[in-house]
Amino acid sequence: MENNSKTGSGGLGIPDQLFTFASFGTLGSCAIIAWIVTSVLFGVFKLPLGPTGLIVAIIVAFVAVLVSPERRFEKYVVAVFNGFLIYLTIIGGTSFTPYVNPKTQEEVSKPGIIKPWIPDNNFVKKTAKQEEALSKVETELDKINTAIAAAPTLSGLQKQDLTDKLKLSKKLILDARINK
C-alpha cells in the first residue's frame, strides 16, 4: 500500500491529499460531502435541512457503495444504515456531551454561520423570552419618551438630553436583536 504522507520531526504523518477517491468511502468524507450538498440545497432551494440531510446522507452512502470494488446486495442494505450514521454524524447525534451540561448545550446552540439542522427547543424558548423582554422595554421607553415630551417643568435642553439617552437605549435594543 502506498504511503501518501510526509513525516515531520515529530514522526506524525501529514497526508499529501486530504480527499482522495479512496477516502470517499470513509465516514468523515461522506459526512462532509453530505453536509456540503445539503447546505447548498438549503441555500438555493430552501429545502428543510433535517429531511433533506437524511436523504442526501443515504444517497451519499449508496454512491460510496457504487464506487467501491465490491457491489454485493449486502453492501446496499448496509448503505441504508450507513446513511443514518452519516446523518447522525452531521447533526452531532453521535455526541451527547452538550446535553449533559446545560452551559455547554447553550454554547452549542448559539446561532452562527452554520445553521443547526435540529434546533434546540430550550434555546428557542429562551430566545423568545428575550425577544418578549426587549419588546416590553421598548414599549416602556416609548411611554417615557412621550412623558418627557409632555413634561412642562423640563427645559428644552433637558428634554433633548433625555430623548437622546432614550434613542441610545432603543439602538442598544436593536443591536441586541441583531446579535442574538
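Bear in mind that the values in this text are calculations on the coordinates, not laboratory data. Bear in mind the structure is a predicted one, so any value in this text is a computation, not a measurement. Every residue, glycine as well, gets a Cβ built from its backbone with ideal geometry; the counts of neighbours run over all protein chains shown.
To make sure I understand, if each residue's beta carbon is the centre and we count other beta carbons within 10 Å, what order do 26, 38, 146 fall in, fewest to most?
Arranged by neighbour count, lowest to highest, 26, 38, 146 become 146, 26, 38.
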- Arranged by the count of other C-beta atoms within 10 angstrom, fewest first, what order do 87, 76 take? 76, 87
- Assuming R0 = 45 Å, what is the FRET efficiency of residue 164 and residue 37, from their Cβ-Cβ distance, to the nearest 0.05? 0.30
- Note on the structure: Expected unfolding gain across residue 84-residue 153 under the 0.36 nm per residue rule, minus the alpha-carbon gap, is 17.8 nm
- Query: How large is ³J(HN,Hα), in whole Hz, for each residue of region 134-142 in order, when computed from phi with the Karplus curve 6.51 cos²θ - 1.76 cosθ + 1.60 and θ = phi - 60°, using x for Gly and Pro?
  - Reply: 4, 5, 5, 5, 4, 4, 5, 5, 5
- Among 172, 166, which comes first, second and so on when ranked by fewest other beta-carbon atoms within 10 Å? 172, 166
